[in-house]
Amino acid sequence: MNSWIKILLPPAAIIGPAVAGYATTYLSVEQAQRAIFPGASFTAATVKLTAEQKKAIETASGVRQRSDEVKAWRVSGGGWLIVDEVIGKHEYITFAVGLTANGAVRGVEIMDYRESYGGEVRDPKWRAQFTGKTKAAPLKLDDDIKNISGATLSSRHIAEGVRRLLAIHAVALQ
Amino acid sequence: MQFLSKSLVRASRRSLGLGGAIFCAVLATATESQADEHLFGWVRGAETLPGGHADAYQFFTLRTGKAAGRYEAWDFDTEVEYGLSDKFQLGVSVEQHYFDIDNVEELDNQNRYQFGGVELSAKYRFLSPFKDKIGLALRLEVAYLAQDDVAGIEQEEIDVAPELVLHKNFLDDTLITHFNIGGKFAWGKKPAEEYDRELTIQGGLGVAYRFAPNWFIGLESHWRSEFPKADFHEHSVIFAGPSLHYGAEKWWATLSYGYQVYGQGIDEPRNGKTYAEEARNEVRLKVGFNF
């Protein structure tokens, strides 16, 4: 029995904390709103997408629209804030995108990032690449968006997520 | 489970020494990063470590079941890898075995630890599975094996094993496929085997689906055919079975099972199984850390 304990101790020591769960929340919705639109007020305007809208979003963005619901807020003075998720390597990455009244990206904030590598997606310089992008932008890695080594999947999915939210704005928020 | 406990306890007393020490050292230094995560027990993907980062694995493999008698062979592989660049990584591993064999044809009864050998590996990624249409990597292993993995018989094997790795993702990277194909050129297999040189053609195929955050379930198959002196067919075997993978922020683990679905060996009954150098079942647990 003692030998069994010795053998099982290392994996148990590792698995225990992991099973208990780990999540890093960097920003709440309110904090993301204030970061992108300082001083503005927000009106919740959650949108339920129709099948036709989902198809139009997927056609425009080239990205699958998984959810039927869009968590959006109308910003005082014009513009929108949308909170959404993309698939990370292990878990979902929650992010917020602020759009100007003209449909250009005002800012991107990473709210939850639980991956073990690629925390650079929270780097302001990397996120600044999205500022000013419109639905006409490619939003592709190694094109107008720089890749992050070791976190290519996360980088690509965030870029695709922004592209999809720009399509949502064009299809369902105007 | 009794057969597992007896041999594993014995194995733990001796063979886990070196690998365990390395493994614990790795645990103590594990921090954050993640790449080259193994979704399968035997089949590999095309990802590589980011430059300047390292990872470490501990493999526990149990091979059990022959035509008759009791055969339990444990393999303990401890591996450390380092990314020289975002596309190129090097690795070194130590292989150890523990054999619990009783009344198996042509094998000595034994209950003992055996040092296996050391292995160096290099992997270069040409195409990324996340950016390109398909991931492509070339992997090369060079090994010195002082004892064979069938029964720990002495040898002076040096082998070189190039492998092509293909990796394709679907459905927003939630459905993942890997395909490996390669060869192994071995010298110095006497006296473990009758002939000194051997060519092995080997490969594998795996399909995994992310059914929940952190969790992948999959099916994999791996196979090999061996040709002594690169001259005649000695045996071929195909294993297939399920795999389960959990990936967390700082570590991951994969449990895989392979059943010998087909085998054929020279001078063996033509009954769809080969046991001279293979076992009926293979179970592998991998635990990996990135730091």
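Where a number appears in this text, it was derived from the coordinates with a stated rule and is not lab data. Quantities reported herein were computed from a predicted structural model and do not represent experimental measurements. We place every Cβ from the backbone using ideal geometry, glycine too, and count neighbours over all the protein chains shown.
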Setting aside same-chain residues fewer than 8 positions from B:Lys190, which lysines have a Cα under 22 Å from its Cα? B:Lys229
Counting other Cβ atoms within 10 Å of each Cβ, which trypsin sites (Lys or Arg not before Pro) in segment B:96-138 have at most 12 and sit in a DSSP loop? B:Lys133
Once you put a point 7 Å from the Cα of B:Ala67 and another 7 Å from the Cα of B:Phe126, both along the Cβ direction, what distance in nm separates them? 4.3 nm
Quote the charge dipole size of chain A about the Cα centre in Debye, to the nearest 20; the model charges only the Cβ of Lys and Arg (+1) and of Asp and Glu (-1). 140 debye
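Once Rh for chain B is found with the Kirkwood sum over Cα pairs, what is the Stokes-Einstein diffusion coefficient at 25 °C and 0.890 mPa s, in µm²/s?
Details: Rh = 19.5 Å.
In µm²/s, the coefficient rounds to 126.
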Tell me the volume per residue, in Å³, of the convex hull enclosing the alpha carbons of the protein assembly as shown. 150 Å³
Which of B:Arg280, A:Arg164 comes first, and how do the rest follow, when ranked by fewest Cβ neighbours within 10 Å? B:Arg280, A:Arg164
Ranking B:Lys190, A:Lys89, B:Lys87 by Cβ neighbours within 10 Å, fewest first, what do you get? B:Lys190, B:Lys87, A:Lys89
Counting other Cβ atoms within 10 Å, keep those with at most 13, restrict to DSSP loop, and tell me which GluC sites (Glu not before Pro) in segment B:89-177 are left. B:Glu105, B:Glu106
0 to 90° range, to nearest 10: angle between helix A:51-61 axis and chain A longest Cα axis: 80 degrees
Where a ≥ b ≥ c are root eigenvalues of the Cα gyration tensor, a/c under 1.5 meaning rounded, otherwise prolate if a/b exceeds b/c and oblate otherwise, segment A:21-173 counts as rounded
Distance in nm between pseudo-label sites at B:Glu106 and B:Asn281 (7 Å out along the Cβ direction from Cα): 2.4 nm
The answer for B:Thr274, listing residues at least 5 apart or on another chain whose modeled amide H is closer than 5 Å to its amide H, is B:Gly263, B:Gln264
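Would segment B:188-249 count as rounded, prolate or oblate if I go by the C-alpha gyration tensor, calling it rounded below 1.5 in a/c and otherwise prolate when a/b exceeds b/c, oblate otherwise?
Cα axes put segment B:188-249 in the prolate bin.
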Give the average, rounded to an integer, of partner chain Cβ atoms located within 10 angstrom of each Cβ in B:210-220. 2
Go ahead and run the numbers for FRET between B:Asp231 and B:Phe211, Cβ-Cβ distance against an R0 of 45 Å, rounding to 0.05. 0.45
Quick shape check on segment B:73-206: root eigenvalues a ≥ b ≥ c of the Cα gyration tensor, a/c under 1.5 is rounded, otherwise prolate if a/b tops b/c, else oblate, and it reads prolate
Sort B:Leu84, B:Leu107, B:Leu171, B:Leu62 so the one with the fewest other Cβ atoms within 10 Å of its own Cβ comes first. B:Leu171, B:Leu84, B:Leu107, B:Leu62
What residue among B:Ala67, A:Ser149, B:Ala208 has its Cα farthest toward the positive end of the dipole of the protein assembly as shown, where the charges are +1 on Lys, Arg and -1 on Asp, Glu, each on the Cβ? A:Ser149
List the residues of segment B:174-189 whose backbone N lies under 19 Å from a point placed 7 Å from the Cα of B:Leu199 along the Cα-to-Cβ direction. B:181-189
